[in-house]
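The values are calculated or read from the model by the stated rules, or taken from the named source; none is laboratory data. It should be emphasised that the depicted structure is a prediction, and the values quoted were computed from it without experimental measurement. Cβ placement follows ideal geometry from the backbone for every residue including glycine, while neighbour counts extend to all protein chains displayed. For the accessible areas, the whole protein counts, side chains as well, though only heavy atoms, and no ligand, DNA or RNA atoms are used. Shrake-Rupley method; radii C 1.70, N 1.55, O 1.52, S 1.80 Å.
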Amino acid sequence: REAILNNKDVFVEKPLALSVKDGEELVRLAKEKNKILMVGHLLKYHPGIRWIKKYLSSGEMGDIYYLYSERLNLGKVRSDENALFSLSPHDISVMLYFLDSDPVEVSARGEGYIHDGIEDVIFFTLRFSNKVLGHVHVSWLDPHKTRKMTLVGRKKMLIFDDVEEVKKVKIYETDYNHIKSNIVVTPPLDMTEPLKLECLHLLECLRKRQTPLSDGMEGINVLKVLEAAQISLKNSGKPVKI
C-alpha cells in the first residue's frame, strides 16, 4: 500500500493480502494511481499449465467433471500461517484459470498437530456452477513431495505432475462404457523456468503498461476462496458461500 501511494508499481507474492477487504483496497489504489499490481501466482507461468490451458480451450477434453490437487511435503513447518494460506493459493489460482470460473461454495477441514490452532494439513472442496467439483489437499506433514493436479473430463483425463522431470503432463483416453483408460499423449514441453517467465512477464507489463496475467483482481478472486475456506475451517467444515 505504501509503495503504491508513493507511485511505485508493485509485484507482491501470494497471497495478495490477508483479507479480501485489504486486497480490494490495493486494487482500488493501483487503479487510482495508474500503477501495475501483479500477484505472484507462479504456476500460471508454468509451461505445463499454459499448455494445459490451451488444450482445455481446444475442447479436446470435453466438459470438465471434476479436478483435484495435492501439494504435500515434509516441512517447512510454519508457526505464523497455516497450510491453507501458505500452500493452496497456487492450486486455487490454477483451478480458476483452468475452469475460467469462480466457485460458489467452499468447505474445509483441517488440523494442527505441531502448533495448536495452526493447521498443518487441510482438505477443502470447491463447488463450481454446473456440478463441477474441485478438491485440494495441502500439508507440510507428509512423507512424499507431491505437486500434482488431476482433471477428469467427458472425453479425456489429464494429470499434471510437477515433480516429474520430463513427463509432466499425461493425457488419458477414456472409455466410460468399458471403464478403462490408456495413456495416449505425453506432450513435449519447453521447460523454461516458471520464475524466469513470471519475471519476464512483469518486465513486459512494466514496459508496455499492460495488465498482468495474474493481476490484482485475480488476487482478490483467490482471496475470496481463502477467506471462505478459513471461515469453514474454523467452523468444522461448514459450507460457506462465496
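Residue check, LEU151 against (1) at pLDDT below 95; (2) in a strand (DSSP E or B), all met but one. Which one? If we test LEU151 against (1) at pLDDT below 95; (2) in a strand (DSSP E or B), just (1) comes out false. Residues of the range 12-24 that are touching a residue at least 60 places away in the same chain (Cβ under 8 Å), charged (D, E, K, R) and within 19 Å of LEU202 (Cα to Cα): LYS14 alone.
Which of the residues belonging to the range 194-232 are open to solvent by less than 20 Å² (accessible area, probe 1.4 Å) and in contact with a helix residue (DSSP H, G or I) (Cβ under 7 Å, 6 or more places away or on another chain)?
Taking the range 194-232 and keeping what is open to solvent by less than 20 Å² (accessible area, probe 1.4 Å), we get 194, 198, 205, 212, 214, 216, 219-220, 222-223, 225-226, 228-229, 232.
Within the range 194-232, PRO194, GLU198, PRO212, SER214, GLY216, GLY219, ILE220, VAL222, LEU223, VAL225, LEU226, ALA229 meet the criteria.
Sub-7 Å Cβ pairs linking a first residue in the range 25-50 that is farther than 24 Å from PRO194 by Cα and touching a residue at least 60 places away in the same chain (Cβ under 8 Å) to a second residue that is in a helix (DSSP H, G or I) and open to solvent by 20 Å² or more (accessible area, probe 1.4 Å), at least 6 apart or interchain, are VAL27/MET217, ordered by first then second residue. The sole residue among LEU158, LEU96 that is in a helix (DSSP H, G or I) and buried (at least 21 other Cβ atoms within 10 Å of the Cβ) is LEU96. For the range 36-57, the condition of being among the aliphatic types (A, V, I, L, M) and open to solvent by 70 Å² or more (accessible area, probe 1.4 Å) holds for none of the residues. Residues that are open to solvent by 80 Å² or more (accessible area, probe 1.4 Å), farther than 19 Å from LEU226 by Cβ and in a loop (DSSP other than H, G, I, E, B) within the range 2-30 comprise ASN6, ASN7, LYS8, listed in sequence order.
Picking from residues in the range 188-223 that are aliphatic (A, V, I, L, M) and without any contact (Cβ under 8 Å) to a residue 40 or more places away in the chain, the one that is nearest to GLY48 (Cα to Cα) is LEU200. With respect to the conditions (1) without any contact (Cβ under 8 Å) to a residue 40 or more places away in the chain; (2) buried (at least 18 other Cβ atoms within 10 Å of the Cβ), LEU126 falls short on a single one, namely (1). Restricting to the range 134-155, name every residue that is open to solvent by less than 20 Å² (accessible area, probe 1.4 Å), over 11 Å from GLU70 (Cα atoms) and not hydrophobic (A, V, I, L, M, F, W, C). Listed by number, the residues that qualify are GLY134, GLY153.
Please find, within the range 99-122, the residue that is farthest from GLY62 (Cα to Cα) out of those that are in a strand (DSSP E or B) and in contact (Cβ under 8 Å) with a residue 60 or more places away in the chain. Even if it seems obvious, please write down each step before you answer.
If we filter the range 99-122 for residues that are in a strand (DSSP E or B), which is where we start, we get 105-111, 115, 118, 121-122.
Okay, now just the ones that are also in contact (Cβ under 8 Å) with a residue 60 or more places away in the chain, so 105-110, 122.
Details: GLU105: 24, VAL106: 25, SER107: 27, ALA108: 28, ARG109: 31, GLY110: 33, ILE122: 30 Å.
Per the criteria, the residue is GLY110.
With respect to SER107, is the statement that it is open to solvent by 30 Å² or more (accessible area, probe 1.4 Å), of a type in the set (Ser, Thr, Tyr), in contact with a Phe, Trp or Tyr (Cβ under 7 Å, 6 or more places away or on another chain) and over 21 Å from GLU218 (Cβ atoms) true?
Details: open to solvent by 30 Å² or more (accessible area, probe 1.4 Å): yes; of a type in the set (Ser, Thr, Tyr): yes; in contact with a Phe, Trp or Tyr (Cβ under 7 Å, 6 or more places away or on another chain): yes; over 21 Å from GLU218 (Cβ atoms): yes.
Yes, satisfied.
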